[in-house]
Amino acid sequence: KQWYQRRVRGDDVDMLTDLFMAIFNVTIHWEREEGTQSLAFTQDTRDFIQMVKFVYEGLDPAIKHEGYQKMRAKFLPILINAATQFPNLFIDEVDPKTFKGPHYMNKDMTFPRTLLTQLECEASDKKGDKMMIISLLSVLNRMTGTRECRKYLRQEILPPLGKVTMRPEEETHLIKSKVVKLMTHVDNNVAVLTSELLFVICKNNVERMVKYTGYGNSAGLFNRRGLLGGGRRRSAVDEMSPDEDSDTEDYKSSVPDVDLVTAGPARENVTLKNMTEEEKEVEANKLINLIDDMHRKGVIKPGNVGEDGKVTEMDMAAQLAQIPDNGEEEEEDEDLNLDTNLF
């Protein structure tokens, strides 16, 4: 507890690292209470949580000193892994009149805010630590189990929309742009965790998810959940009270000009507008040939949305076999009539 009273120094790192690793290895095997995701907490556990909060919040990601960065890189992953065991107890009751830190609905949001700052820092860096990003997203996903934290994260990551002038990835002054970019990260774990986080703070609502992130960014999530046909699946989040409509007047006025695939402003296709019908037909044939070539080379495969809302590979031969050839049937009928007349 003496660490409560001072900042972490470089000399403490090895000792703290071993300590937190030991505690993490012990707590991860604790039995969970039946029917819940919480642990049976003792006072020692609560003291440990307070120590984790103090140390973690004291490690400022904005400090670029080489020695400090090495310390943070070694220490933070263990802190975050330990925090996954009891994320909800990092949010304490506070008095908003006297509490000076970030808060929401009378809850201390210092820890979620620190996680978001760290995530934004890592996502903004082209050499960002992938494992750190995965750890941060894992904890944030766990913390959405509390209504207050879920609402706070939505407020911070997906604030009410104004006039749409650019795609969400292009709004670089907002943390939303960094998070939305992670939805298409080359690492599948990062992409899945990010999509799941955003979907939860959108209350598992497809329409709301598309509005904030675009159908293109969300298609992978919808396919995994069987929601390509729209709609929503019930979950624990659905039991929470509905959020108020966050659409501003500026957003409502720009809705007709929004491209739902990108969640950005729709762009007029000037090229097609100036083409003749014959030129359009030529371009369409080029596109068909290109798609056919990609299909033959195995780059893409035809698919359709099944009854479960997921994309399944389509058997072209079987599909074609089900389509009656009306032309051939008519020819056979005509031949039959001709033969009859001859007799």
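Pairing residues of region 93-107 that are farther than 11 Å from E148 by Cβ and aromatic (F, W, Y) with residues that are assigned to a strand (DSSP E or B) and modelled with pLDDT under 90, at Cβ distances under 9 Å and at least 6 apart in sequence or on separate chains, gives F99/D108. So, M105, is that one over 23 Å from the mean Cα position of the chain (by Cα) and either crowded, with 20+ Cβ neighbours inside 10 Å or aliphatic (A, V, I, L, M) (or both) or not? Criteria met by M105. Of the set (1) touching a residue at least 12 places away in the same chain (Cβ under 8 Å); (2) closer than 22 Å to R225 by Cβ; (3) within 15 Å of the chain's Cα centre (by Cα), all apply to I175 but (2). Screening A318 against (1) at pLDDT 85 or above; (2) open to solvent by less than 80 Å² (accessible area, probe 1.4 Å) leaves a single unmet condition, (1).
To keep it simple, each residue is scored yes or no on (1) open to solvent by 70 Å² or more (accessible area, probe 1.4 Å); (2) touching a Ser or Thr at 6+ places or on another chain (Cβ under 9 Å); (3) in contact (Cβ under 8 Å) with a residue 40 or more places away in the chain; (4) not small (G, A, S).
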{"position": "L272", "(1), (2), (3), (4)": "yes, no, no, yes"}
{"position": "E283", "(1), (2), (3), (4)": "yes, yes, no, yes"}
{"position": "K286", "(1), (2), (3), (4)": "yes, no, no, yes"}
{"position": "L290", "(1), (2), (3), (4)": "yes, no, no, yes"}
{"position": "M294", "(1), (2), (3), (4)": "no, no, no, yes"}
{"position": "K297", "(1), (2), (3), (4)": "yes, no, no, yes"}
{"position": "I300", "(1), (2), (3), (4)": "no, no, no, yes"}
{"position": "G306", "(1), (2), (3), (4)": "no, yes, no, no"}
{"position": "T312", "(1), (2), (3), (4)": "no, no, no, yes"}
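Helices (runs of 4 or more DSSP H) fully within region 125-195 that include at least 2 residues being aromatic (F, W, Y) and surrounded by fewer than 18 Cβ atoms within 10 Å (Cβ to Cβ): none found.
The values are calculated or read from the model by the stated rules, or taken from the named source; none is laboratory data. Just so you know, these numbers come straight off a predicted model, no measurement behind them. Cβ sites come from the backbone with ideal geometry, for glycine too, and all protein chains shown count toward neighbours. When the accessible area is computed, the model is the full protein with side chains, heavy atoms only, and any ligands, DNA or RNA have been set aside. Shrake-Rupley method; radii C 1.70, N 1.55, O 1.52, S 1.80 Å.
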